[in-house]
Structure formats: structure tokens, C-alpha cells
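Notes to accompany the following structure.
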Amino acid sequence: MMSFSGRVISLAFWAMGFLSPWTVSGQNVPAILIGYPDLIVFNGKIVTMSDKSVSPALGVVQEAMAVRGDEILALGKNGEILGLSGPKTQKIDLKGHTVIPGIVNAHTHIHDYGVTRWVEAENKKGGSDLPVAAFRIAGSNYEEIKHNIEVTLSEKTSKLRPGQWIFLNLPMRDFVGTYFIQDGQLSMSELDKMMKDHPVLVNAHPAYVINSTAEKRLEQIYDAPHPREEYDESAFGSRIVEFRRMALVDDYFRDKIDKLAEILEQELQAQVAAGNTTFSSHVTGARYMDAYMKLVREKRMPLRFAFTHYMGGLFNPGMEVFAARLGDIAGLGDDYFWFGAISASAIDSGPPMICTGIEAPEDVKKREWCRLDFKRYRDFLYNGLKNHVRTVVGHNYGDKGLDQYLELLDDLVAKEGFTVEEIRAMRLSTDHCGLYPRPDQLPRMKKYGVMLSCGANVLTRTYPWLEKYGMQYANWISPVKSALDAGVKVAFECEEDLYDGLFAYFEPFVTRKNEMGKLVAPQEAVDRNIVMKMATSWSSEFVLREDKVGTLENGKWADFLVLNKDYFTVPVEEIPRVYPVISVVGGQIRYVRSDAAAEFGLQPVGHQLRYSWEKGSESNRPGGLSDM
């Protein structure tokens with residue numbers, strides 16, 4: 001009887017048309033025709049995640065895996081897979097370690113983090129060519145904040161180069177800086193009186209104000225005026241969060257694409273070390289596209305990126321008809337960089353500027369903000385959907401924002417003659433789950449096939465606002481179990497600092513405890529196996545590549561992680577201390593942790609990431625991470 005290895009090789013040659021499947025065994029085949037595995041990992045617990053159901057079942061668990069080129073060739077018992085090895089096959093004894101598919105992070109901002117880290121590191125070094133001059137503004141009340149802004153602009157900016165951007169970061173304790181801007185304490189014209197020589201952006205995320213010099217600079221970059229309907233003299237609105245990114249990316253880096261690509265590559269390498277092998281994010285800034293394409297063309301992309309295009313709605317007087325010129329291009333791209341969707345940007349922001357239908361005190365409601373209240377943005381989304389463009393929600397935090405999006409889908413059926421199946425075929429999505437979905441929204445999401453991506457961070461970020469909206473809404477915060485019970489798939493997202501470890505953001509889905517130790521809607525807790533499905537097989541659907549990532553199966557891309565400990569059996573409280581010691585993307589070993597390399601007979605590879613709880617972790621950071 002032919003051996004397992006003989007059967008695999010025979011079938012391979014038969015499929016290529018070289019031989020019939022029964023003629024290989026016992027014959028001398030020219031070496032040039034033999035596709036031996038390039039890599040075999042064996043003696044491990046290889047959790048394939050091949051069961052894609054909503055149950056906690058994981059699917060097949062194997063001992064060994066063979067990789068040829070960038071794909072998985074075979075999985076099986078140690079002896080079977082080792083029997084496939086050739087003279088040049090690299091073999092790694094896993095020594096019992098657990099292997100999982102690479103993490104598919106459905107919503108993060110890796111390029112923004114990389115640029116932010118680099119800017120902060122450059123500011124620490126000093127010099128005359130800093131991308132921005134950033135200052136922290138102190139103050140516990142409106143009067144102090146305004147005074148300190150005036151002093152900073154008059155006394156600390158004299159040595160800046162002509163036209164250099166100034167970012168003023170306001171205090172965020174108890175949202176005093178945000179409220180300062182929302183309550184109109186600093187208008188654009190007032191800021192002009194303080195500074196006209198430089199473009200200025202005052203940041204109290206999610207509220208911002210800019211001076212007219214900054215507005216004119218951005219209009220010059222994009223050769224178009226930006227409509228003022230979303231922000232007035234007091235800049236009440238969140239559109240300027242894009243201004244902050246664009247000022248750096250499309251102004252400073254406009255003639256520094258090589259440097260921007262280098263910054264992105266470094267951050268992507270760090271993310272691979274943390275366990276991300278595929279991610280989805282918006283692209284805000286055209287020069288980001290240039291830098292990514294440079295990495296793609298030069299084969300320097302260390303992980304995979306499904307991007308959401310935001311630029312059609314930024315400084316575009318014709319944004320309403322932008323999508324009508326695209327057509328269905330979802331998934332277009334190569335193995336490392338592909339078009340995921342378009343979006344009109346965030347349809348609300350973060351607390352307090354979220355979009356809810358909850359009755360609340362006037363002081364709370366007046367601070368809310370709903371982008372789809374503006375007709376231009378509704379038309380942008382609707383025209384995209386009407387033209388069969390995958391037009392998703394790039395950021396949604398509150399329940400009313402989802403209502404407004406679902407109403408657009410209802411209109412496609414009622415006014416445009418779309419069938420429900422046509423809408424489902426677009427594979428639409430929304431994200432964050434900050435204070436939604438409501439229980440009554442879930443059947444409509446299921447009807448239209450709208451997928452969710454949820455993060456554990458909102459258990460902390462939203463919790464203080466329950467005191468204002470009502471504790472009864474706790475079960476609207478990342479309601480994963482309710483969504484799954486209703487037939488709505490949920491993907492994993494993590495926007496947080498990777499230096500706390502990626503798996504630190506798995507545990508809260510299981511325990512429902514936030515960073516303050518508060519228990520948040522424990523009835524929404526899910527099994528750790530479900531969380532792993534959210535981060536692998538289900539997230540692969542979110543990024544339109546379920547045929548290639550998310551599980552370890554023959555023919556799929558060889559993206560996998562070797563873990564330091566067994567995620568599936570450690571006590572729940574130890575899940576945050578799980579991390580990769582080896583990361584493989586496309587069959588290439590992209591990361592080997594230095595203190596684990598000897599165990600596997602390897603040398604350290606890639607960015608040597610150290611986590612916040614480890615000694616010396618600060619020295620391994622490219623720069624501090626701030627909200628970008």
C-alpha cells in the first residue's frame with residue numbers, strides 16, 4: 001500500500017499532468033519536478049480552527065504541518081508529515097507548543113500608530129525639521145486652558161520653521177478639554193488672533209479646532225475647499241480628526257514617501273511580533289497609499305492589509321457621486337494589499353460625541369454628534385450602496401448611527417428594487433460596538449447580512465457614560481453573545497497599544513471585566529474558543545479572504561503563530577500573558593522571539609517586541625503611543 005507521503009506526491013504530479021497518480025512510487029523523479037515542503041513544524045498542538053460554526057468546537061487538532069511556498073501543503077501526524085520532507089526542508093520541533101492561525105484584526109490603525117510613534121520619537125530628539133511642533137496644554141478649567149494656549153503660542157513658537165504645523169493637546173481628565181471646545185471657548189477667529197503664521201490644530205479628542213491658516217493649507221494640498229457644514233467657528237464636530245492625520249501624512253510626507261514607507265514597515269513588523277498577520281483599517285491620507293504600494297512593489301509587506309478607502313469623502317466637493325464611478329472592486333489587489341471597502345469616514349465619534357437614540361439629560365444629548373444627519377454623507381453612502389460598491393461603516397459607536405445605516409438598506413429595497421440577497425452579497429459591516437447594537441437591531445442586521453467587529457476596549461471606554469445614559473444599557477456594550485444568538489457573526493478588533501499584548505484584549509470577552517475591575521453585562525460573556533474564532537475564522541470573512549486566511553487547512557496561506565503557552569488550557573487570568581514566540585506569514589518566518597529562539601534551534605528574527613509587564617520594555621518601543 002502506498003505511504004501517505006507517496007499519495008500526496010503522486011496526486012500532486014497527477015494534478016500537474018506530469019504523471020498518473022499510481023506511477024510515482026518507486027521511480028526516480030527529476031529533482032526539478034519535486035515540490036518538497038520548504039518548512040515542516042512537528043511535535044506540536046496545531047489547532048486548525050477548521051470548525052467555523054458558532055459552537056465552541058475548534059475543529060481538527062494536528063501534530064504537524066508542512067508548508068510549500070506560501071501555502072499549507074498538508075497537516076497530519078508527525079510521521080506522515082515528516083515523511084514528506086526533502087533534502088532542503090527546514091524542520092522545527094515545536095516541543096509541544098500550541099500553534100494557531102495568525103490573528104486577523106478587523107479594525108485597527110497600524111499606520112497611524114507607526115507615524116505617531118515616529119513623530120513622538122523625533123520630537124524627543126529635537127531639531128529644526130520636526131514634522132509637527134506638539135505641546136501639551138495644562139489646565140483644570142476653561143480659563144486656565146485658554147490662558148495656557150495663549151502663552152504657548154506667544155512664547156514657545158518663535159524658533160519654529162516657517163509654516164510648521166503646531167498641535168496643541170488639551171487636558172483630557174474628566175473631558176475638560178473636549179468640553180472646552182464643544183462649549184465654544186475657543187473659536188477659529190480667536191485662534192487666528194493668537195497665531196496666523198503657522199497652521200494650528202487644537203486637539204481634545206474627539207473635539208478639535210483649527211485656525212484659518214490650517215484650513216487654507218489643507219485646501220491647498222487637496223486643491224479644493226472643504227464644505228463648512230460640519231464645523232463652524234467653534235469647530236464642533238469630528239471631521240477634523242481626519243485633518244489631524246492628513247496634516248502629517250499628506251503635507252509633511254508628500255515628498256518623503258521612502259521615509260513614510262520605512263516607518264510603516266517598522267510598525268508592521270512590530271505588529272507581526274504581537275500576532276497580527278492580517279488587518280483591516282481605513283486609509284486617511286493619500287500618501288499612505290503611496291507608501292503601502294512602495295512596500296507592495298518591493299515585496300516588503302510583512303503582513304496583509306484589507307484597506308477601507310476614506311479619501312473619497314475628504315476635501316471632495318463631489319463626494320456624493322464619488323462611488324458611482326467605482327463599481328464593484330471589493331477584494332481587488334494582491335495577496336498582501338487589497339481593496340476592502342469605501343466609507344464616508346466615521347458616522348459618529350467617541351464619547352461624548354456619539355450618536356444614540358437614548359433619552360438622556362440635555363447636557364449629554366447636546367454633546368452627541370451624528371454624521372448621517374448631514375445629507376452629503378447619507379448620499380455618499382447611499383450612492384455607493386446603490387452602485388454595488390461595498391460601502392461599510394468605518395466607525396460607529398452608538399445605536400442611532402446603526403439605525404441610520406440600516407435605513408439606507410431599507411431604502412435600497414423600497415426605492416431601488418434591490419433584493420435582500422443582493423444586499424447580503426455586498427457583505428456589509430459595522431464596527432466598535434461601543435453602545436450598540438440594541439436587541440431589536442440584531443434581526444435587521446441578520447436579514448441584510450451585516451457583520452460586526454467588536455473590541456474589548458469599549459467595556460472600559462463606555463462604562464463611565466452609563467452613569468449619564470443609565471446602567472440598564474450595559475448590555476448594549478459589545479453584546480457578542482446576543483449577536484451570535486441572533487445569527488450575526490462577530491469579528492475581533494483591537495485598536496489598543498500592542499505593548500500590553502494582543503491577548504490582553506481576548507480575556508475581557510470571557511470575563512466581561514473592564515480595566516477598572518467592573519463587571520459589565522456578564523450575560524454577554526463568551527467562551528475563549530469563541531473569542532479565538534472571532535479573531536481567526538470569522539474575521540477572515542470580514543476581510544473577504546476566508547478562502548485563504550483564518551484557519552490552517554491545505555491550500556490556505558501559511559500564516560500561523562507558535563504560542564508561548566496554551567491559550568486553550570491556561571487559567572483565564574493568564575490569557576493576557578499569552579503571546580507568539582514565532583510568527584509565520586506566507587510561509588516566511590517573520591518573527592522569532594530572542595529568549596525562545598534556542599528552544600527551537602533558531603536565531604532571533606524580526607522586531608524584538610517586549611511587553612509592558614516585562615523588564616526593559618520601554619527600550620523596545622519605537623516611541624510612545626498616543627491617540628491618533
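Given segment 341-461 reduced to its alpha-carbon atoms as identical point scatterers, what log10 I(q)/I(0) does the Debye formula return at q = 0.14, 0.16, 0.17, 0.23 Å⁻¹?
One equal scatterer on each Cα of segment 341-461 leads to -0.56, -0.73, -0.82, -1.41.
Express the accessible area of segment 364-430 per residue in Å², computed with a 1.4 Å probe while the remaining protein chains stay in the model.
35
Taking the alpha-carbon centroid of each part, what is the distance from segment 261-286 to segment 61-129 in angstrom?
Value for the Cα centre distance between the two parts: 14 Å.
If you stretched the chain out fully between Met172 and Glu407, how much longer would it get, using 0.36 nm times the residue separation minus the C-alpha to C-alpha distance?
Working it through step by step, the gained length comes to 81.1 nm.
Could you work out the local net charge near Gly163, counting Lys and Arg as +1, Asp and Glu as -1, over the other residues with Cβ closer than 10 Å to its Cβ?
0
Within segment 285-355, which trypsin sites (Lys or Arg not before Pro) sit in a loop by DSSP and count at most 14 neighbouring Cβ atoms inside 10 Å?
Passing sites in segment 285-355 are Lys299.
At 1.4 Å probe size, with the rest of the protein present, what percent of the exposed accessible area of segment 316-362 is carbon and sulfur atoms?
55
Between Lys366 and Arg325, take the C-beta separation as r, use R0 = 45 Å, and let me know the FRET efficiency to the nearest 0.05.
Calculated transfer efficiency: 0.75.
Given the Cα-Cα distance of Ala486 and Ser154 and 0.36 nm per residue of separation, how much length would full extension add, in nm?
113.8 nm
Net charge within 12 Å of Ala214 by Cβ-Cβ distance, Lys/Arg positive one each and Asp/Glu negative one each, not counting Ala214 itself?
-1
Using a 4.7 Å Cβ cut-off, which Cys residues in the chain lack a partner cysteine?
Singleton cysteines: Cys494.
Where does each of Thr152, Thr511 land when they are ordered by accessible area, with a 1.4 Å probe and the largest first?
These residues rank, largest area first, as Thr511, Thr152.
How high is the relative contact order of the chain, given as a whole-number percent (alpha carbon pairs under 8 Å, six or more residues apart)?
Worked out over the chain, it gives 16 percent.
Rounded to two decimal places and with Rh computed the Kirkwood way over Cα pairs, what is Rg over Rh for segment 341-381?
Result for segment 341-381 is an Rg/Rh of 1.04.
Can you tell me how much longer the chain between Asp527 and Asp373 gets when fully stretched, taken as 0.36 nm per residue apart minus their C-alpha distance, in nm with one decimal?
Stretched out fully, the Asp527 to Asp373 stretch lengthens by 51.6 nm.
What is the local net charge at His432, summed over the other residues whose Cβ is closer than 10 Å to its Cβ (Lys, Arg +1; Asp, Glu -1)?
-3
With an 8 Å Cα cut-off and a minimum separation of 6 or more residues, compute the relative contact order for segment 255-333 in percent.
33
Going through segment 83-119, which trypsin sites (Lys or Arg not before Pro) have at most 15 other Cβ atoms within 10 Å and a DSSP loop state?
Lys88, Lys95
Mind grabbing the accessible area of Lys52 for me, 1.4 Å probe, Å², rounded to tens?
Roughly 80 Å² of Lys52 is accessible to a 1.4 Å probe.
The values are calculated or read from the model by the stated rules, or taken from the named source; none is laboratory data. Given the structure is predicted, the values throughout are model-derived calculations rather than measurements. Neighbour counts are summed over all protein chains in view; Cβ atoms, including those assigned to glycine, are modelled from backbone coordinates with ideal geometry. Areas reflect the complete protein model, heavy atoms only, side chains present, ligands, DNA and RNA absent. Shrake-Rupley method; radii C 1.70, N 1.55, O 1.52, S 1.80 Å.
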